[in-house]
Amino acid sequence: MSKIKEDALIISQTREAAGTFRMRLKSPRIAAKARPGQFVMLQVREGPEPLLRRPFSFHAIALEEGVFDILYRVVGRGTWLLSQCPPGARLNILGPLGNGFDLPDGEPSLVFLAAGGIGIAPLVELMARLRESHPAVAMRLFYGARTAEEMIPTDAIESLGVTVHRSTDDGSAGYHGWVGELMKATAEAEGLKPEILFACGPLPMQRHIAKWALEKSVPAQLSLESLMACGLGACLGCALPATSSPTSDPAVREDHYLHVCKDGPIFPAGAIEWQKMQIHQTQPRIFPYS
């Protein structure tokens with residue numbers, strides 16, 4: 001897909017939760033080609049600092065109006081500067097980038113979605129597209145955050161007929177604990193097995209989500225986060241170890257890597273060699289926010 005660079009007009013900027021903002025941008029050419037799960041590289045401001053563009057998922061897309069929304073959390077200077085941009089200003093944007101989610105074939109009866117923190121960002125437009133293409137599908141969203149005040153409102157999500165299950169690390173809303181535990185406990189208690197699972201969130205969460213999906217033979221599409229400098233596959237900074245592929249000699253297997261920006265950010269659960277990664281529970285950063 002061809003990449004487009006254009007100056008986008010900031011239509012609005014609203015605070016959605018503690019430290020989390022939603023920005024609406026008018027960018028007709030990019031909005032016309034955007035798919036859920038893809039992202040844009042955004043130049044926060046002109047000049048040498050900050051030097052690099054920042055990647056953001058499409059949170060909502062309105063084709064008729066030529067606009068799209070991004071959802072981001074202020075975690076560093078780049079996102080702080082972004083939060084200070086007023087409506088009427090323009091930002092240079094490159095996109096759409098990445099592969100995006102694939103909507104399921106046929107008529108699935110049940111879809112699971114799992115979001116960790118700002119990982120909710122790309123799933124909102126996905127749920128809207130799922131409801132449009134599969135009116136009868138039952139959707140269960142498992143949405144986790146550190147505290148209740150960091151959760152965005154879910155009224156618009158629930159208006160799509162999505163059942164929302166919440167979890168928080170501190171127990172201030174919903175289940176007290178990790179969102180993946182809530183998903184597994186709910187599936188077991190209610191005897192549920194989705195036809196497909198979509199997820200976005202920090203890598204520790206995604207590793208456990210992938211493990212459950214593979215154990216239960218549930219097809220999964222995971223939107224992975226990574227440090228990202230160019231968004232085009234040139235800098236190779238977003239490499240993740242991939243499952244080994246056979247060489248010409250079937251007795252020999254060699255390691256190889258996938259790059260989140262070029263090969264993803266959406267990957268099947270079995271594509272990543274999770275045990276080769278040094279995953280630490282840290283503050284999330286860079287994608288889909290920075």
Rg (one decimal) and Dmax (whole number) from the Cα set of the range 1-91, in Å, equal 12.4, 36
Sequence-distant residues sharing a close amide H with R54 (under 5 Å, placed H) = L42, Q43, V44
Bin width 5 Å, alpha-carbon pairs only: give the P(r) of the range 41-190 as whole percents, running from 0 to the bin holding the largest distance.
-> 2, 8, 15, 18, 18, 15, 12, 7, 4, 1, 0
Search the structure for amide H atoms under 5 Å from the amide H of A114, placed 1.01 Å from N in the peptide plane, and list their residues when 5 or more places away or on another chain.
-> F142, F198, A199, C200
Rule-of-thumb Rg ratio for the chain [Cα; 2.2 N^0.38 Å; N residues] = 0.98
Pairs to check: K5/K193; K193/K276; K216/K276; K26/K262; K33/K184; K216/K262. Give those whose C-alpha atoms are more than 32 Å from each other in this structure.
-> K5/K193; K33/K184
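Once you have the Kirkwood Rh of the range 87-131 from its Cα pairs, apply Stokes-Einstein at 20 °C and 1.002 mPa s and quote D in µm²/s. Before the final figure, lay out the partial values.
Details: Rh = 13.4 Å.
Taking Rh from Cα pairs, D becomes 160 µm²/s.
Take the Cβ-Cβ distance between E190 and I11 as r, set R0 to 35 Å, and report the resulting FRET efficiency rounded to the nearest 0.05.
On the way: r = 41 Å, r/R0 = 1.17.
After rounding to 0.05, the efficiency reads 0.30.
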Add -39500 (n - 2.57) for each DSSP H run of 4 or more in the chain, then divide by its residues: what number comes out at 222 nm, to the nearest 500 deg cm²/dmol?
-> -5500 deg cm²/dmol
Which whole-Hz couplings ³J(HN,Hα) result when phi for each residue of the range 31-42 is put into the Karplus expression 6.51 cos²θ - 1.76 cosθ + 1.60, θ = phi - 60°, listed in order with x for Gly and Pro?
-> 4, 5, 10, 6, 10, x, x, 6, 8, 10, 9, 10
If you wrap a convex hull around the C-alpha atoms of the range 41-94 and split its volume per residue, what is the figure in Å³?
-> 86 Å³
Amide H contacts of A89 (H built 1.01 Å from N, under 5 Å, at least 5 apart or other chain) | I10
Given the options G270, G88, G117, state which has the largest fluctuation in a GNM of the chain using a 10 Å cut-off (strictly under) for Cα springs.
-> G88
Farthest positive-ward along the chain dipole, Cα basis, beta-carbon charges - from I209, V75, A185 | V75
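Every number in this text was worked out from the coordinates using simple rules, so none of it is lab data. Just so it is clear, the structure is predicted and the values come from calculations on it, not from any experiment. Don't worry about glycine lacking a Cβ; one is built from the backbone with ideal geometry, like all the others, and counts go over all protein chains shown.
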